[in-house]
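So the structure is just underneath, and the comments pick up after that.
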Amino acid sequence: SGANIYPQMVAGKIKIGNPVEPAHITLSSTGMTFEGKVGFPDPSSQSLTISNTGGGTMVWNATHAQSWLSVNPATGTAPSVTSIHAVVGALPEGTYYDTIVVSCATADNSPVKLPVTLHITTMAPTIRFSPSQVAVSGVQGGANPPDKKLAIWTDVPGSTLNWTVTNSSSWLALSPTGGTPPDSLTLQFDITGLAYGDYHDTVVISDP
């Protein structure tokens, strides 16, 4: 037809071999928090699912810095579920931090970091004492009854009880009037000038 015809170049790419998309680390959580109490069992473990949302096979490894934190298992092939555990042990009250680092040599986003927080608190003390009541007898004009002991303590591990005691009658004296258990309180009786009869008082043990 007499028309001029020219070659047209179209951009493209040639794949050689069988290229595989890189692995991509995906965690089921963006952060974990544990709540523990001094002297009590460790908080429950939490599960972490490690998935590969990319291609190929993803063999992962998890590391951390602090001894109170454990990851079991610490390595595996995705998809995997690992258990994260926080150990209170002898740690005092406070807030503790660590980071779980999940790595994979073939992942395009390695490493992935998971922050972990451990809060350790101390429960409020509970006042315990024994005996639950005290009775003494004396003779009018005679000697004072013998002293009695009252034991004071708390059964909440890690807690501190700073107790004080009060009473209302002058014939009953308390010594000491405060302390930190385990401790004992002495009840002293003075019947001087008291007439024949029954007398009652109450020892009030307090710690706000």
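Points worth noting:
Residues checked against (1) under 30 Å from N162 (Cα atoms); (2) surrounded by fewer than 19 Cβ atoms within 10 Å (Cβ to Cβ):
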{"position": "A86", "(1), (2)": "no, no"}
{"position": "L91", "(1), (2)": "yes, yes"}
{"position": "N109", "(1), (2)": "no, yes"}
{"position": "P115", "(1), (2)": "no, yes"}
{"position": "I120", "(1), (2)": "yes, no"}
{"position": "M123", "(1), (2)": "yes, yes"}
{"position": "F129", "(1), (2)": "yes, yes"}
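- Scanning the range 65-79 for residues that are of a type in the set (A, V, I, L, M, F, W, C), surrounded by 14 or more Cβ atoms within 10 Å (Cβ to Cβ) and not in a strand (DSSP E or B) returns W68, A74, A78.
- Looking only at the range 190-199, and only at residues there that are out of contact with any Gly (no Cβ under 7 Å at 6 or more places or on another chain) and either aliphatic (A, V, I, L, M) or in contact (Cβ under 8 Å) with a residue 12 or more places away in the chain (or both), the one that is most open to solvent (accessible area, probe 1.4 Å): Y196
- Residue match in the range 2-20 (condition: in a loop (DSSP other than H, G, I, E, B), open to solvent by less than 70 Å² (accessible area, probe 1.4 Å) and either touching a residue at least 40 places away in the same chain (Cβ under 8 Å) or within 30 Å of P73 (Cβ to Cβ) (or both)): no
- The single condition among (1) assigned to a loop (DSSP other than H, G, I, E, B); (2) surrounded by 16 or more Cβ atoms within 10 Å (Cβ to Cβ); (3) touching a Pro at 6+ places or on another chain (Cβ under 9 Å) that T30 does not satisfy is (2).
- Of all the numbered requirements in (1) open to solvent by 20 Å² or more (accessible area, probe 1.4 Å); (2) in contact (Cβ under 8 Å) with a residue 12 or more places away in the chain; (3) polar (S, T, N, Q), T82 misses one, and that requirement is (1).
- The residues of the range 122-148 include none that are of a type in the set (S, T, N, Q), in contact (Cβ under 8 Å) with a residue 60 or more places away in the chain and touching a strand residue (DSSP E or B) at 6+ places or on another chain (Cβ under 6 Å).
- When the test is whether a residue is among the acidic types (D, E) and over 27 Å from the mean Cα position of the chain (by Cα), E21 passes it.
- Tabulated pairs, the range 43-68, first at pLDDT below 95, second hydrophobic (A, V, I, L, M, F, W, C) and part of a loop (DSSP other than H, G, I, E, B), C-beta under 6 angstrom, 6+ apart or interchain: G55/V20; G56/V20
- Scanning the range 49-64 for residues that are closer than 12 Å to P79 by Cα, of a type in the set (V, I, T), assigned to a strand (DSSP E or B) and open to solvent by 30 Å² or more (accessible area, probe 1.4 Å) returns T49, V59.
- Near pairs, Cβ below 8 angstrom, 6+ apart or cross-chain, from the range 149-175 (without any contact (Cβ under 8 Å) to a residue 24 or more places away in the chain) to any residue that is open to solvent by 40 Å² or more (accessible area, probe 1.4 Å) and not in a strand (DSSP E or B): S170/D190; A173/D190
- Candidate set from the range 37-48 (those that are in contact with a Phe, Trp or Tyr (Cβ under 9 Å, 6 or more places away or on another chain) and not polar (S, T, N, Q)); member that is most open to solvent (accessible area, probe 1.4 Å): D42
The values are calculated or read from the model by the stated rules, or taken from the named source; none is laboratory data. Given the structure is predicted, the values throughout are model-derived calculations rather than measurements. Note: ideal-geometry Cβ built from the backbone for every residue, glycine included; neighbour counts use all protein chains shown. The protein model used for the area step is the full one, side chains on, heavy atoms only, and it has no ligands, DNA or RNA in it. Shrake-Rupley method; radii C 1.70, N 1.55, O 1.52, S 1.80 Å.
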